[in-house]
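*Asks:* Supplied in structure tokens, the structure appears directly below.
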Amino acid sequence: MSKSIKIGLTGGIASGKTTVSNFFKQFGTEVIDADVISHQVTKPDGTAFQEIISSFGSSVLDENGLIDRKKMRKIIFDDVSKKEMLERIIHPKVREEMFNLASQSNDHYLIISVPLLVETGMNEMMDRTLVVDCSEETQIERLMHRDKITLGEAKSILRNQTNRSTRLKASDDLIVNEKNVTLNELEKEVLELNKLYSKL
């Protein structure tokens, strides 16, 4: 079993998790990303594909026989029981693959990026939890800009997220990424954390 220190990275939607994890990558840190693994397990040769099709039917496929993520999002967005059903299929497989990768790492520390780290209780399995945070106003602005959606749509996406205070309570380390924070400033913060984690 690897002795790498596991840093769980999380944050609300459009808070800047990806930007932060990319900076860690630039400094040579290994990043295990739940979103990337989730894409892999839901591909036709992935471990969750058949189970998703048998649970949701082939209408969730696009013309290339791949799972249509937009369709899927709409189905689970409108129906909590469907959302839970999908999570029951995907989460254990993603978790298993993540810890499988983590156990093979020889790095002093590694970043494990999980959007639902606190919600799924996976923060309990980490050595430290790093939260990227920003105000809801900033999230809404970035979401509208990034996904080309309306104010109402952005607000309803946020309503479906864990409240910030739960996430903040779980954090050992915090990066505040408001819209007035430059990429240079963000990079410096990540560099400081990189030094801290390298010493742990």
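*Asks:* Can you pull out the residues in the range 3-37 that are of a type in the set (A, V, I, L, M, F, W, C) and free of Cβ contacts under 8 Å to residues at least 60 places away in the same chain? Outline the logic, then answer.
*Replies:* Keep residues of the range 3-37 that are of a type in the set (A, V, I, L, M, F, W, C), which gives 5, 7, 9, 13-14, 20, 23-24, 27, 31-32, 34, 36-37.
Val36 - this is the single residue of the range 3-37 that is of a type in the set (A, V, I, L, M, F, W, C) and free of Cβ contacts under 8 Å to residues at least 60 places away in the same chain.
*Asks:* In the range 123-138, what count of residues is obtained for those that are hydroxyl-bearing (Ser, Thr, Tyr) and under 17 Å from Phe24 (Cα atoms)?
*Replies:* 1
Results for (1) free of Cβ contacts under 8 Å to residues at least 12 places away in the same chain; (2) in the same structural domain as Ser4 (by TED's automatic domain parsing); (3) in contact with a helix residue (DSSP H, G or I) (Cβ under 9 Å, 6 or more places away or on another chain), shown as yes or no for each residue.
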position	(1), (2), (3)
Thr42	no, no, yes
Gly57	yes, no, no
Leu61	yes, no, yes
Glu87	yes, no, yes
Ile90	no, no, yes
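*Asks:* Right, here's the next one. Would you call Ser4 in the same structural domain as Leu168 (by TED's automatic domain parsing), of a type in the set (S, T, N, Q) and in contact with a Cys (Cβ under 6 Å, 6 or more places away or on another chain)?
*Replies:* no
*Asks:* Kindly establish whether Glu30 is over 30 Å from Glu137 (Cβ atoms) and either surrounded by fewer than 19 Cβ atoms within 10 Å (Cβ to Cβ) or more than 20 Å from the chain's Cα centre (by Cα) (or both).
*Replies:* Details: over 30 Å from Glu137 (Cβ atoms): yes; either surrounded by fewer than 19 Cβ atoms within 10 Å (Cβ to Cβ) or more than 20 Å from the chain's Cα centre (by Cα) (or both): yes.
Yes; evaluated as a whole, the condition is true for this residue.
*Asks:* Take the residues in the range 94-134 that are among the small types (Gly, Ala, Ser) and touching a Lys or Arg at 6+ places or on another chain (Cβ under 7 Å), then tell me which one is farthest from Gln161 (Cα to Cα).
*Replies:* Here is the first cut: in the range 94-134, the residues among the small types (Gly, Ala, Ser) are 102-103, 105, 113, 121.
So of that shortlist, the ones also touching a Lys or Arg at 6+ places or on another chain (Cβ under 7 Å) come out as 102, 113.
Numbers: Ala102: 27, Ser113: 16 Å.
Among them, the one singled out is Ala102.
*Asks:* Is it the case, given these coordinates, that Gly65 is under 20 Å from the mean Cα position of the chain (by Cα), part of a loop (DSSP other than H, G, I, E, B) and of a type outside the set (Val, Ile, Thr)? Even if it seems obvious, please write down each step before you answer.
*Replies:* Working: under 20 Å from the mean Cα position of the chain (by Cα): no; part of a loop (DSSP other than H, G, I, E, B): yes; of a type outside the set (Val, Ile, Thr): yes.
In short, no.
*Asks:* Residues of the range 128-170 being in a helix (DSSP H, G or I) and aliphatic (A, V, I, L, M), which ones?
*Replies:* In the first step, residues of the range 128-170 are kept if they are in a helix (DSSP H, G or I); the result is 136-147, 151-159, 164-169.
Residues satisfying the conditions are Ile140, Leu143, Met144, Leu151, Ala154, Ile157, Leu158, Leu168.
*Asks:* Right, something else. Those residues that are farther than 23 Å from Val181 by Cβ, under 12 Å from the mean Cα position of the chain (by Cα) and crowded, with 20+ Cβ neighbours inside 10 Å, I need them from the range 106-121; list them, please. If you could, list the steps in order and put the result at the bottom.
*Replies:* Here is the first cut: in the range 106-121, the ones farther than 23 Å from Val181 by Cβ are 106-110, 112, 116, 119-121.
Then keep just the ones that are under 12 Å from the mean Cα position of the chain (by Cα); that gives 112, 116, 119-120.
Correct list: Ile112 only.
*Asks:* Among the listed residues Ser59, Ser38, Ser54, which satisfies the condition of being surrounded by 13 or more Cβ atoms within 10 Å (Cβ to Cβ) and either under 15 Å from the mean Cα position of the chain (by Cα) or farther than 30 Å from Glu189 by Cβ (or both)?
*Replies:* Values: Ser59 fails: surrounded by 13 or more Cβ atoms within 10 Å (Cβ to Cβ); Ser54 fails: surrounded by 13 or more Cβ atoms within 10 Å (Cβ to Cβ).
One residue alone meets the criteria, Ser38.
*Asks:* Please enumerate the residues belonging to the range 83-126 that are of a type in the set (Ser, Thr, Tyr), under 25 Å from Ile157 (Cβ atoms) and assigned to a loop (DSSP other than H, G, I, E, B). Walk me through how you get there before you give the answer.
*Replies:* Looking only at the range 83-126, we keep the residues that are of a type in the set (Ser, Thr, Tyr), and these are 103, 105, 109, 113, 120.
Now restrict to residues that are under 25 Å from Ile157 (Cβ atoms): 113, 120.
Listed by number, the list holds a single entry, Thr120.
*Asks:* When only residues in the range 156-183 that are surrounded by 14 or more Cβ atoms within 10 Å (Cβ to Cβ) and at pLDDT below 90 count, which is farthest from Val131 (Cα to Cα)? Show your work before the answer.
*Replies:* Pass one, the range 156-183, residues surrounded by 14 or more Cβ atoms within 10 Å (Cβ to Cβ): 157-158, 161-162, 164, 167, 170-171, 173-177, 181.
From what's left, at pLDDT below 90: 157-158, 161-162, 164.
Values: Ile157: 19, Leu158: 17, Gln161: 14, Thr162: 13, Arg164: 10 Å.
Among them, the one singled out is Ile157.
*Asks:* Taking the range 122-147, which residues are charged (D, E, K, R) and surrounded by fewer than 18 Cβ atoms within 10 Å (Cβ to Cβ)? Let's see the steps before the verdict.
*Replies:* Going through the range 122-147, the residues charged (D, E, K, R) turn out to be 124, 127-128, 133, 136-137, 141-142, 146-147.
Within the range 122-147, Glu124, Asp127, Glu136, Glu137, Glu141, Arg146, Asp147 meet the criteria.
The values are calculated or read from the model by the stated rules, or taken from the named source; none is laboratory data. All values reported here derive from a predicted model rather than from experimental measurement. Methodologically, a virtual Cβ is constructed for each residue, glycine included, from the backbone with ideal geometry; neighbour enumeration extends over all protein chains shown.
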